[in-house]
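Contents: one structure, followed by commentary.
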């Protein structure tokens, strides 16, 4: 039995020895391929532009949570007056996050406040001069015109739908379920643009939702005032009065609070250090890939030579 076990283990040892012998015999090939991959990974990483990330930490405005709870208490009374008030399961903060990610918010409040070429045609940012260099195959900065050549359904001037895909790539919005704090960040070749765009998002989500609630509250007040004139029952008059009070409170909050949805805990700044790419990681991975490719090439050459 001992002899059989030794006999079975010998081929494994021989195969391992042969494997390392093959690699040692072709160590020059493996080193050459690894060097080529390393050089190309270095060149590739150097051509990648620096990406900067600016972010802001936000807290939900407490007035909105209080208002939602107050309005929900009037939901039964609103039914008597023919007004539908949301149950309030979804907070204003959660709604705002989804709005920021939406195409409608992007089209109505983000794109009108930025330069499209800063989103779709940036080549790199030159820090010494603090200017953005554009891809000359897409955008002519001298004539300020789009010149890119694309196939249908794409257009020379990027559509909102195409630009929205890029917007979603550079945007990050996250919510801490424990604290309800919200973090909004933007990645861009220019740290200045990244910071400005975060400011634009925060300002416009606050203003747009405030204006919408203000409009709804004003329409509700007008409707309730008209309904009160024709109300015949005392219970209905009391319901209308309660609803009118809540809508007046809503109108007051929308008019007096600039930080309607989010209040800023940590303002966005112009980042000094890049967030990506990690050129060292790219070079290490490229070299490692070269080693693997070199080993596979050595084994392939050995098998091919042995078959002849």
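Has region 118-126 got any residue that is at pLDDT 95 or above, part of a helix (DSSP H, G or I) and either surrounded by fewer than 12 Cβ atoms within 10 Å (Cβ to Cβ) or not assigned by TED's automatic domain parsing to the domain that holds residue 194 (or both)? Checking region 118-126: not a single residue is at pLDDT 95 or above, part of a helix (DSSP H, G or I) and either surrounded by fewer than 12 Cβ atoms within 10 Å (Cβ to Cβ) or not assigned by TED's automatic domain parsing to the domain that holds residue 194 (or both). Of the listed requirements (1) under 19 Å from residue 95 (Cα atoms); (2) at pLDDT 75 or above, residue 219 misses just one: (1). Residues in region 143-169 that are in contact with a strand residue (DSSP E or B) (Cβ under 6 Å, 6 or more places away or on another chain) and either on the phi > 0 side of the Ramachandran plot or without any contact (Cβ under 8 Å) to a residue 24 or more places away in the chain (or both): 147, 156.
Determine, yes or no, whether residue 98 is over 30 Å from residue 293 (Cα atoms), touching a helix residue (DSSP H, G or I) at 6+ places or on another chain (Cβ under 8 Å) and either at pLDDT below 95 or part of a helix (DSSP H, G or I) (or both). In short, no.
Among the residues of region 211-226, those that are farther than 14 Å from residue 245 by Cβ and surrounded by 14 or more Cβ atoms within 10 Å (Cβ to Cβ) comprise 213, 214, 216, 218, 223.
Whether any residue in region 173-192 is part of a helix (DSSP H, G or I) and farther than 23 Å from residue 255 by Cβ is what I want to check.
Going residue by residue through region 173-192, those that are part of a helix (DSSP H, G or I) are 191-192.
Then drop every residue that is not farther than 23 Å from residue 255 by Cβ, which leaves 191-192.
Yes, that holds for at least one residue.
Would you say residue 106 is surrounded by 12 or more Cβ atoms within 10 Å (Cβ to Cβ), in contact (Cβ under 8 Å) with a residue 60 or more places away in the chain and farther than 24 Å from residue 271 by Cβ? Criteria not met by residue 106. When region 152-170 is filtered for residues that are more than 29 Å from residue 99 (Cα to Cα) and modelled with pLDDT of 95 or more, nothing remains.
Checking the conditions here, which among 182, 90 is within 30 Å of residue 272 (Cα to Cα) and either surrounded by 13 or more Cβ atoms within 10 Å (Cβ to Cβ) or in the same structural domain as residue 53 (by TED's automatic domain parsing) (or both)?
182
Hey, any hits in region 150-169 for a residue that's in the same structural domain as residue 200 (by TED's automatic domain parsing), under 22 Å from residue 267 (Cα atoms) and surrounded by 14 or more Cβ atoms within 10 Å (Cβ to Cβ)? Yes, some residue in region 150-169 is in the same structural domain as residue 200 (by TED's automatic domain parsing), under 22 Å from residue 267 (Cα atoms) and surrounded by 14 or more Cβ atoms within 10 Å (Cβ to Cβ).
Screening residue 208 with (1) over 25 Å from residue 274 (Cα atoms); (2) surrounded by 12 or more Cβ atoms within 10 Å (Cβ to Cβ); (3) modelled with pLDDT of 95 or more gives one miss only, at (3). Within region 127-142, the only residue that satisfies the criterion of being assigned to a loop (DSSP other than H, G, I, E, B) and in contact (Cβ under 8 Å) with a residue 40 or more places away in the chain is 130.
The values are calculated or read from the model by the stated rules, or taken from the named source; none is laboratory data. Please read all numbers here as calculations on a predicted model, not as lab measurements. We place every Cβ from the backbone using ideal geometry, glycine too, and count neighbours over all the protein chains shown.
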